[in-house]
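Following: one structure in structure tokens, then a few remarks.
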Amino acid sequence: MESSELERRLDRIDETLKRIECAISQMDTDVHGMQITTQRMDNHISFVETVYQSVQRPFHALMSAANHTFVGRRFSPMLS
């Protein structure tokens, strides 16, 4: 193999390696962004679960009372 042929092959290998490094760098950036988004979503889910736990009992009690009050009655809003 001639040295010029060897140089061309090495140049192609070098170009391919640079493209691979660039792609890996972009993937690393993308993964970092997804980690931030995932953490924000985890925080939001925790917040919603906490709020639900706080209002669950009072809400169910209110709905139970409303069901007992209106079961068997025809409810029609007053017309003005």
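Observations on the structure shown:
- Computed from point charges on the beta carbon alone (+1 for Lys and Arg, -1 for Asp and Glu), the dipole magnitude for the chain about its Cα centre is near 1160 Debye.
- Charge dipole (the chain, unit charges on Cβ, about Cα centre) - positive-most of T16, V55, S4: V55
- When the GluC sites (Glu not before Pro) in the range 1-60 are filtered for DSSP coil states and for at most 16 other beta-carbon atoms within 10 Å of their beta-carbon, the remaining sites are E2.
- Angle of helix 3-70 to the longest C-alpha principal axis of the chain, folded into 0 to 90 degrees and rounded to 10: 10°.
- A simple count of charges around R8, restricted to other residues whose Cβ falls under 14 Å of its Cβ and scoring Lys, Arg +1 and Asp, Glu -1, yields -4.
- Mean residue ellipticity (222 nm) of the chain, computed from DSSP H runs ≥ 4 via -39,500 (n - 2.57), nearest 500: -32500 deg cm²/dmol
Since every read-out is calculated from the coordinates, none of them should be taken as a lab result. What you see is a predicted model, and the numbers here were worked out from it, not measured in a lab. Backbone-built Cβ (ideal geometry, glycine too); neighbour counts: all protein chains shown.
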